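What follows is a short report on a single structure.
The values are calculated or read from the model by the stated rules, or taken from the named source; none is laboratory data. All of these numbers come straight from a predicted model, not from anything done at the bench. Backbone-built Cβ (ideal geometry, glycine too); neighbour counts: all protein chains shown. Heavy atoms of the whole protein, side chains included, go into the accessibility calculation; ligands, DNA and RNA do not. Shrake-Rupley method; radii C 1.70, N 1.55, O 1.52, S 1.80 Å.
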Amino acid sequence: MRQALEEKIVSRKARVGIVGLGYVGLPLAVEFAKAGFTVTGIDLSPSKVAKVNAGESYIADIDQGVFKSLVDAGKISASSDFGVISELDTVNICVPTPLRKTKDPDMSYIVSACQQIAKYFHKGMLVILESTTYPGTTYELVLPMLESADMKVGRDFFLCFSPERVDPGNAQYQTHNIPKVVGGCTAACTEAGALFYRQALQTVIPVSSTQVAEMVKLLENTFRMINIGLANEIAMMCGRMGINVWEVIEAAATKPFGFMAFYPGPGLGGHCIPIDPFYLSWKSKQAGIEARFIELAGYINGQMPLFVVDKVQNALNDQDKPVKGSHIHILGVAYKQDIDDMRESPALDIIQLLERRGAKLSYSDPHVPHVRFDGLELCSDEAAMGKADCVVIVTAHSGFDYKALVGMAPLIVDTRNALKGVVSDRIVRL
Ligand SMILES: NC(=O)c1ccc[n+]([C@@H]2O[C@H](COP(=O)([O-])OP(=O)(O)OC[C@H]3O[C@@H](n4cnc5c(N)ncnc54)[C@H](O)[C@@H]3O)[C@@H](O)[C@H]2O)c1
């Protein structure tokens, strides 16, 4: 079984399947297609399937021309029908792993995808879970859905976990050159998984188990979340003491060892950093360990939108204006610079908190034309900025004209140090 699979992989004859064609799945499909494989994407969203089949990329990091030529050459296609799995040799699962309102993992997407895969599963297949999840998911949840008396893992099929580490908007590190960690349920699974990734990606890092591979991703994102929490707490302290936190971090970062710069901001956003650590704390609680660093950083990071809103209110009050009735313009609403992703964006919390305090709101973001949540509906309106009492820089997109902003705004609250070096008593920094 394994030899036949490996021969198909090395000769590029293996039919590759990707379940979930989002920020993770579509770039992965492109890399395997570029490496010469024929890739079939499976997604429940009819519009994504239609766009893929029309050669239209909806992920900003994917070059439109390259994508169209791969689709036209028959190297990438998409379907909503899991029946195509009968024809596939490998399947990567890249479906969402959100949190429930209770901050417990929502495994429903993984379970539903695996139930569908199990229907069309056949001998000799390689299945790799890429969705970020708690340690133990692949072994405890996915394996029992696929294994049976005559389908033994490591012998009849191969199952791995490989964390996706893609960083949307990062021009230097993308799917092909971010080292790929992979751990299998058995040594044979790890070897098959590593061989598969080596065909399309630059560096592959095999680890001894699926649990190690799952924990790697959670360590990385927890490390980031906790350090951002520390930077935010230091920013609050500096604010009280009248110290410029940005200058402190910049100077500390000149130390050539033992320090890594993390920056404060208006709050966490995106599908990873605000969510993944809670997958770990949930599992850790089951193992009898309270994840105190995670809970504390989660609390501090969660306070940041309120901290920003208080800064806005105080800055307006200093100009003898109440927040109620003032026009506040939010500059940038995506959760980070130069991308269009709004998931978990702190801009939404800031807008909502200011609205509740009676402010009149507008926003502009070249990447996000509309914002609709909790009964609020706004359209990006650049012209409104010129009439605002206060502009709050929430996302420092590189395309903004900061010079013009400084020239026109009566008050600016800069949560990202976008106006680094500009001296003005109309600028309030985090
Ligand atoms: N976005 C990132 O930057 C990033 C980075 C690293 C890891 N991750 C992780 O990767 C996973 C996927 O994230 P994403 O950002 O690509 O999500 P996404 O929402 O962009 O894409 C997920 C896709 O899966 C589809 N889908 C949902 N349920 C399905 C099912 N049962 N069968 C088939 N398709 C289904 C959705 O329609 C969607 O197109 C998550 O676990 C996430 O935490 C994301």
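As a check on your grasp of the helix formula, calculate [θ] at 222 nm for the chain: sum -39500 (n - 2.57) over DSSP H runs of n ≥ 4, divide by the residue count, round to the nearest 500. Don't skip to the end; give the middle numbers.
Details: 13 runs with 161 residues, N = 430.
It comes out at -11500 deg cm²/dmol, rounded to the nearest 500.
Answer rounded, prolate or oblate for the stretch 5-130, using the Cα gyration tensor with square roots of eigenvalues a ≥ b ≥ c: rounded when a/c is under 1.5, else prolate when a/b is larger than b/c, else oblate.
Oblate, because a/c is 1.5 or more while a/b does not exceed b/c.
Kindly sort Lys217, Lys119, Lys51 by accessible area of their heavy atoms, largest first, with the probe set to 1.4 Å. Intermediate values should be presented prior to the final figure.
Details: Lys217 10, Lys119 130, Lys51 75 Å².
From most exposed to least exposed: Lys119, Lys51, Lys217.
Using a Gaussian network model of the chain whose springs link C-alpha atoms within less than 10 Å, name the residue from Ala194, Ala383, Ala33 with the highest mean-square fluctuation.
Greatest mean-square fluctuation among the candidates belongs to Ala383.
Given a 1.4 angstrom probe, I'd like the percentage of the accessible area of the stretch 43-86 that is carbon and sulfur, rounded to a whole number. Working shown, then result.
Working: 1210 of 2170 Å².
Carbon with sulfur: 56 percent of the solvent-accessible area.
Relative to the longest principal Cα axis of the chain, at what angle does helix 276-286 sit, 0 to 90 degrees, rounded to 10?
Approximately 70 degrees, to the nearest 10.
What's the Kirkwood radius of the stretch 90-137 in Å, using all Cα pairs?
Result for the stretch 90-137, one decimal place: 11.7 Å.
Starting from the eigenvalues of the Cα gyration tensor, five times each then square-rooted, give me the equivalent ellipsoid semi-axes of the stretch 65-202, largest first, whole Å.
24, 20, 17
When the dipole is taken about the Cα centre of the chain, and only Lys, Arg (+1) and Asp, Glu (-1) are charged at their Cβ, what size is it in debye, to the nearest 20? Walk me through the numbers before you get to the answer.
Details: 42 positive and 47 negative charges, 62 e Å.
Computed about the Cα centre, the dipole is about 300 debye.
If you consider only alpha-carbon coordinates, what radius of gyration and Dmax does the stretch 64-146 have, in Å?
15.1, 46
Computed over the Cα atoms of the chain, what is the convex hull's projected area averaged over all directions, in nm²?
For the chain, the mean projected area of the Cα convex hull comes to 22.2 nm².
What share of Cα pairs, in percent, lie more than 17 angstrom apart in the stretch 242-360?
Cα-Cα pairs of the stretch 242-360 separated by over 17 Å account for 68 percent.
Per residue of the stretch 241-257, in order, report the coupling 6.51 cos²θ - 1.76 cosθ + 1.60 (Karplus, θ = phi - 60°) as ³J(HN,Hα) in whole Hz, putting x for Gly and Pro.
Running phi through 6.51 cos²θ - 1.76 cosθ + 1.60 with θ = phi - 60° gives 8, x, 10, 7, 5, 5, 5, 4, 5, 4, 6, 4, 6, 6, 5, x, 8 Hz.
What are the extents of the Cα atoms of the stretch 158-250 along their three principal axes, in Å, largest first?
58, 27, 16
As a test question: what accessible area, to the nearest 10 Å², does Val212 have when a 1.4 Å probe is rolled over all protein chains in place?
60 Å²
Could you report the chain's accessible area per residue, 1.4 Å probe, as an integer in Å²?
For the chain, the solvent-accessible area averages 45 Å² per residue.
Kirkwood Rh, Cα Rg: Rg to Rh for the stretch 228-275? Provide the component values of the computation, followed by the final result.
Working: Rg = 12.0 Å, Rh = 11.7 Å.
Ratio of gyration radius to Kirkwood radius for the stretch 228-275: 1.02.
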